[in-house]
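Encoded as C-alpha cells, the structure appears first; notes follow it.
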Amino acid sequence: MDLSVSEFLAFSKCRYLWDYKYNMRLVPNKQNKHTWLGTGMHYALAEHYRNRGVSVARAWSTYTEHFPLTTTDELEYGPLGQSMAEHYDIWSPVHDQYTEVLAIEKPFHLLLDSGLRFTGVIDAIWRVPNQGVWLIEHKTHAQMPAIEELQFAPQAVAYMLAAVTDPELRKYQAKGVMYNILRKAGPQPPAILKDGTVSKAKNVHCSPEYYRSFVHKQGYDSTPYDDFIASMPKEDYFWRPQIVFSKKRITGFVSQLFNMRESIAREGFYQPDPRQLCAYCDYRSLCELRLWGSEFAPLAASEYHKAAPHGDE
C-alpha cells in the first residue's frame with residue numbers, strides 16, 4: 001500500500017476530506033484562493049533558493065503569469081502575494097547571508113514494514129551557520145501559529161522519519177525541521193513626518209529589515225533609528241522556528257502510519273470531522289448534501305473532475 005504525507009494529513013484532518021480527495025479522487029474545478037497563494041509562494045521560494053539571482057518577487061510574477069487565479073479573488077490575492085514576496089526579498093538577505101542550500105524539493109520513498117510505502121517531498125534542506133543542517137518547510141499563515149501547533153504537527157515528524165530512514169537523506173544528518181513561515185500580509189510603509197523624517201510610532205506594520213530599507217530610500221542614515229529598529233517585533237511577518245524530535249516520537253509516528261493504513265483498509269463508511277477547516281474546504285458543498293443524506297454524485301460530476309491515476313493535483 002502507498003501512503004503519502006499529504007494523504008496522511010488529509011485522513012488525519014477529516015475522513016470525508018480523505019474520501020473525496022484520495023478515494024474518489026475528486027479535484028475541484030474552481031480554484032481555491034488559499035491553495036493558489038500557498039502553492040505560488042512555494043514555487044517562488046523554490047525558484048529563489050534554486051537560483052539566488054531570481055528574486056522571490058520575480059518568481060511570483062512568473063507563477064501568476066503561467067497559473068493565473070481565474071476568479072475575482074485574483075484582485076486581492078495577486079497583489080497580496082506580490083507584496084509578501086517583495087517584503088521577503090528585503091527581509092531574507094539578512095537571514096540567509098551564509099546559509100547553504102543543499103537540496104530543493106527533495107522527494108523521498110520509504111519502504112516500511114509490511115510493505116507500506118510512504119512518500120513525500122521536503123521543501124528544502126539548508127545548512128545554517130553554527131546550527132547544522134535542517135529540513136525546511138515553507139508555510140504561509142494568516143497569523144503566526146503557536147509553537148505548540150508546530151511541535152505537534154505530524155508533517156514535520158514525517159519528514160524527520162524520512163531523514164533518519166532514507167539512506168540518501170541520512171547523509172545530511174539533519175537536526176530537525178525548520179519552518180520558514182510567511183505571514184499572509186504585506187508591509188505598510190512607515191509615515192513620513194512633517195520634518196521629513198520617518199515615524200517611530202510603535203504601531204508600525206512591517207519587519208525591522210523593511211523599516212531600515214525604507215529609511216535608506218528616504219536618503220537618511222539609519223544609525224539614529226537603530227534603537228527603535230531594535231525594539232521592533234522580529235517575528236510578526238517572518239519566523240523560522242526549529243523543531244527537534246526524539247527517537248520515541250518518530251517511532252510513535254510510524255505506529256500512527258500503520259494504524260491509519262488499517263483504518264483505511266477496514267473502514268467502508270468515513271465519518272466527517274467538522275472543524276474550522278470546513279469554512280474553506282474545497283469539498284464543503286458535497287458535505288452539505290452528504291450529511292443530510294442527499295445524493296451528491298450529480299454535484300460531484302459537475303463541479304469536480306477526476307485526478308490523474310498516479311498524481312495529486
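Looking across the range 196-255, the residues that are among the charged types (D, E, K, R), under 31 Å from the mean Cα position of the chain (by Cα) and over 30 Å from Val157 (Cα atoms) come down to Lys202, Glu209, Arg212. Ser231 fulfils the conditions (1) in contact with a Ser or Thr (Cβ under 9 Å, 6 or more places away or on another chain); (2) within 30 Å of Pro190 (Cβ to Cβ) except for a single criterion, (1). Take Ala158 and tell me if it is crowded, with 19+ Cβ neighbours inside 10 Å, in contact with a Leu (Cβ under 6 Å, 6 or more places away or on another chain) and either within 27 Å of Gln97 (Cβ to Cβ) or touching a residue at least 40 places away in the same chain (Cβ under 8 Å) (or both). For Ala158, the condition - crowded, with 19+ Cβ neighbours inside 10 Å, in contact with a Leu (Cβ under 6 Å, 6 or more places away or on another chain) and either within 27 Å of Gln97 (Cβ to Cβ) or touching a residue at least 40 places away in the same chain (Cβ under 8 Å) (or both) - is not met. For the range 13-59, taking the residues that are farther than 30 Å from Ser263 by Cα and among the β-branched types (Val, Ile, Thr), the one that is surrounded by the most Cβ atoms within 10 Å (Cβ to Cβ) is identified as Val56. Scan the range 195-205 residue by residue and report those that are out of contact with any helix residue (DSSP H, G or I) (no Cβ under 7 Å at 6 or more places or on another chain), charged (D, E, K, R) and either under 18 Å from Ser231 (Cβ atoms) or modelled with pLDDT of 95 or more (or both). Within the range 195-205, just Lys202 meets the criteria.
Among the residues making up the range 129-143, those that are buried (at least 17 other Cβ atoms within 10 Å of the Cβ) and either under 16 Å from Tyr172 (Cβ atoms) or at pLDDT below 95 (or both) are Val133, Trp134, Leu135, Ile136, Glu137.
Restricting the search to helices (runs of 4 or more DSSP H) fully inside the range 240-313 and requiring at least 2 residues that are modelled with pLDDT of 90 or more and surrounded by 10 or more Cβ atoms within 10 Å (Cβ to Cβ) gives 247-266, 297-303.
Can you confirm whether the range 110-128 contains a residue that is over 18 Å from the mean Cα position of the chain (by Cα), of a type in the set (Phe, Trp, Tyr) and crowded, with 19+ Cβ neighbours inside 10 Å?
Among the residues of the range 110-128, at least one is over 18 Å from the mean Cα position of the chain (by Cα), of a type in the set (Phe, Trp, Tyr) and crowded, with 19+ Cβ neighbours inside 10 Å, which makes the answer yes.
Looking only at the range 93-128, count how many residues are hydroxyl-bearing (Ser, Thr, Tyr) and touching a residue at least 60 places away in the same chain (Cβ under 8 Å). Final tally of qualifying residues: 2. Scanning the range 164-218 for residues that are among the hydroxyl-bearing types (Ser, Thr, Tyr) and part of a loop (DSSP other than H, G, I, E, B) yields a count of 4. Per the conditions (1) touching a strand residue (DSSP E or B) at 6+ places or on another chain (Cβ under 8 Å); (2) modelled with pLDDT of 95 or more, the sole criterion not satisfied by Gly186 is (1). Scanning the range 173-228 for residues that are among the hydrophobic types (A, V, I, L, M, F, W, C), buried (at least 17 other Cβ atoms within 10 Å of the Cβ) and either free of Cβ contacts under 8 Å to residues at least 40 places away in the same chain or over 27 Å from Ala142 (Cβ atoms) (or both) yields Ala174, Val198, Val204, Phe214, Val215, Phe228.
Residues that are in a helix (DSSP H, G or I), without any contact (Cβ under 8 Å) to a residue 60 or more places away in the chain and under 23 Å from Tyr210 (Cα atoms) are absent from the range 7-27 altogether.
Residue pairs whose Cβ atoms lie under 6 Å apart, sitting 6 or more positions apart in sequence or on different chains, and linking a residue in the range 41-58 that is over 11 Å from Gly81 (Cα atoms) to a partner that is among the small types (Gly, Ala, Ser) and in a helix (DSSP H, G or I), are Glu47/Ala59; His48/Ala59.
If I go through the range 129-152 residue by residue, how many of them are without any contact (Cβ under 8 Å) to a residue 12 or more places away in the chain and under 17 Å from the mean Cα position of the chain (by Cα)? Looking only at that region, the number is 4.
The values are calculated or read from the model by the stated rules, or taken from the named source; none is laboratory data. As the structure is a computational prediction, the values presented were derived from the model and not from experiment. As a convention, Cβ positions derive from the backbone with ideal geometry for all residues, glycine included, and neighbour counts pool all protein chains shown.
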